[in-house]
1. For the subset of the range A:27-54 comprising residues that are of a type in the set (A, V, I, L, M) and at pLDDT 85 or above, which member is surrounded by the most Cβ atoms within 10 Å (Cβ to Cβ)?
2. Name the single residue that is farthest from B:GLN139 (Cα to Cα) among those in the range B:70-95 being facing another protein chain (nearest Cβ under 7 Å) and of a type in the set (Lys, Arg).
3. What single numbered condition from (1) in a strand (DSSP E or B); (2) more than 7 Å from every other protein chain (Cβ to nearest Cβ); (3) out of contact with any Leu (no Cβ under 6 Å at 6 or more places or on another chain) fails to hold for B:GLY52?
4. Scan the range A:288-301 and give yes if some residue there is buried (at least 18 other Cβ atoms within 10 Å of the Cβ), part of a helix (DSSP H, G or I) and more than 7 Å from chain B (Cβ to nearest Cβ), otherwise no.
5. Based on what the data block shows, is B:VAL63 aliphatic (A, V, I, L, M) and touching a Ser or Thr at 6+ places or on another chain (Cβ under 7 Å)?
6. Of everything in the range A:223-258 that's more than 7 Å from chain B (Cβ to nearest Cβ) and part of a loop (DSSP other than H, G, I, E, B), which residue is surrounded by the most Cβ atoms within 10 Å (Cβ to Cβ)?
7. So which of A:VAL85, A:VAL33 is more than 14 Å from chain B (Cβ to nearest Cβ), outside any helix (DSSP H, G or I) and within 19 Å of A:VAL215 (Cβ to Cβ)?
8. Over 16 Å from the mean Cα position of the chain (by Cα) and under 23 Å from A:LEU117 (Cβ atoms), is that true of A:ILE279?
Amino acid sequence: MDVYLPIANLSVNGLIIVALGALTGLLSGMFGVGGGFLTTPLMIFYGIPPTVAAASAASQVTGASVSGAFAHSRRGGVDYQMGGVLVAGGILGTGIGAVLFNVLQRLGQIDTVINILYVLLLGSIGGLMARESIRTLRAERSGVPLPAAKRRHHPLVANLPMRWRFYRSGLYISPLAPLLLGVATGILTMLMGIGGGFVLVPAMLYILGMSANVVVGTSLFQILFVTMATTMMHALTTKAVDIVLATLLLVGSVTGAQVGAKFAQKASPVKLRLLLAVIVLLVALRMALGLGYRPDDIYTVAPL
Amino acid sequence: MRGIVALFLLLLLGAARDPILVPEVSQHEVQLRQGFTGTELLLFGAVLSPEGTRAAQDYDIIVVLKGPTQSIVVREKQKVAGIWINVDSTELRSAPSYYAIASTRPIAQIVDDKTAAIYELGLKWLQLSPIGSIDPDEQARFAAGLVQLNVEKGLYRQEEGAVKVNEQVLYQARIGLPSRVPIGTYTAETFAISKGRVVASASSTVDVRKIGVERAIADFSANYGLFYGLLAVIVSVAMGWIAGRLFALT
């Protein structure tokens, strides 16, 4: 099934794009992450221009996180106050990201920066997840339970001025901490076309110290709005959102997300986390090799 | 009176040296729409001697199809501290977005380098107008890099021997356009060459454009970014929501 993409200016096999969306949707349903970290590199690998890939992946993440966010909000799993602060930071972040994108593009370093960010982020977070889930699995095997981790926020967070009460998260901290976190994920979303869920969730748990039952819902809430802002930002600045490409991805990812969610209910959460860690590390490894190996094309062209 | 006759004879004589070239393109408009996966243009025509007889054996034919030129920056990666990053770059003011050349024989056998350079006959001779002063070696390196990249994408082609001549009158060449062909007005030029000299040339245009929904989407995105973005957001939210609903029912 050949589909002509009007913004990317090329023809692709529509079924491959739908399958790609389904794959990432499956991941997002299973693990509660947006899956953008896989979509963007795979689309670039398939031959779609990097800017179009990053711009269109954001709307796919929006679609994949909608039903999840609704489901969590029905269960009361969203801290709207915290979510609001994160979204405000996130929108600010997409603005900063847009400026950075522009500057890096003019310098010709956008691809390198994106690749290095991928390697660093995916490598470190994948490594942490793998270590944590292997420790839990070992503890399950040997029957000795791990000492329960104390839930508390990072000392740096406690030093920030001006404190607010976040009832649902069970926190009394400065709103600057989630705001800065939101800014950081907003920048990442704009630059890398990812939702930022896999950065946001651990940060909310281990830096802010939010109570676990609102973490995933609040993260989905933030991702939903920040990816919307990213799509708008790309539509206004880079003009690289390909709605045909995005729709194809969405068809795959929204169904994949539902199937993945059913899957996740049956599987053990620790094994799921380990699986996700392995996938994340593999992507990071592939990216790291890509930086070090001689690329196929030494020369690249960009419009002036 | 005598003067007019002389002038007429002179014109006739002048014309006598040049062959008659009647070029045509199979389609003057390429439409990019759903289902477009690339196409093939047929550049064909007739070449006759001034007397109107078969003449193609005396002439070599070269056809060139060229897309609109654009200003680009070409970047070159080098290995720095273990990773490949863009280090060097050059700006080119007139790189063709598409360039295909086909000829009856290898171009080097038809014309000499000087003529090839004047008429831009061949990927080696593209006039790219680099901005600023760079030395010729570097310029050649970047030009070669650009050409190789676009050959891989199917946007630059050089097919020597692809022009076929029938009955020494009709010539034809098929030129492929990939699906990623850039939009714009293309020029199709035909050259008749004899003894290393271009003796006749003719050109016509081909319009490559998006039509229908594809055009509407591209225009919408370019002119109404805000509403286009909103539309994309609405589509993605609606699809996510509908899928959630459908699966909740099952």
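1. Keep residues of the range A:27-54 that are of a type in the set (A, V, I, L, M), which gives A:27, A:30, A:33, A:38, A:42-44, A:48, A:52-54.
Remaining after also requiring at pLDDT 85 or above: A:42-43, A:48, A:52-53.
Numbers: A:LEU42: 18, A:MET43: 27, A:ILE48: 22, A:VAL52: 25, A:ALA53: 23.
The residue in question is A:MET43.
2. Residues of the range B:70-95 that are facing another protein chain (nearest Cβ under 7 Å), as a first pass: B:70-77, B:82-86, B:89, B:91.
Right, trim to of a type in the set (Lys, Arg) and you get B:75, B:77.
Numbers: B:ARG75: 12, B:LYS77: 15 Å.
Per the criteria, the residue is B:LYS77.
3. (1)
4. Scanning the range A:288-301, I find at least one residue that is buried (at least 18 other Cβ atoms within 10 Å of the Cβ), part of a helix (DSSP H, G or I) and more than 7 Å from chain B (Cβ to nearest Cβ), so the answer is yes.
5. Values: aliphatic (A, V, I, L, M): yes; touching a Ser or Thr at 6+ places or on another chain (Cβ under 7 Å): yes.
Judged against the criteria, B:VAL63 is a match.
6. Filtering first and then ranking leaves A:ASP242.
7. Numbers: A:VAL85 fails: outside any helix (DSSP H, G or I).
Exactly one of A:VAL85, A:VAL33 is more than 14 Å from chain B (Cβ to nearest Cβ), outside any helix (DSSP H, G or I) and within 19 Å of A:VAL215 (Cβ to Cβ), namely A:VAL33.
8. Values: over 16 Å from the mean Cα position of the chain (by Cα): no; under 23 Å from A:LEU117 (Cβ atoms): yes.
Criteria not met by A:ILE279.
The values are calculated or read from the model by the stated rules, or taken from the named source; none is laboratory data. Keep in mind that what you see is a predicted model, and the values were worked out from it rather than measured. Ideal geometry is used to build each Cβ from the backbone, glycine not excepted, and the neighbour counts take in all protein chains shown.
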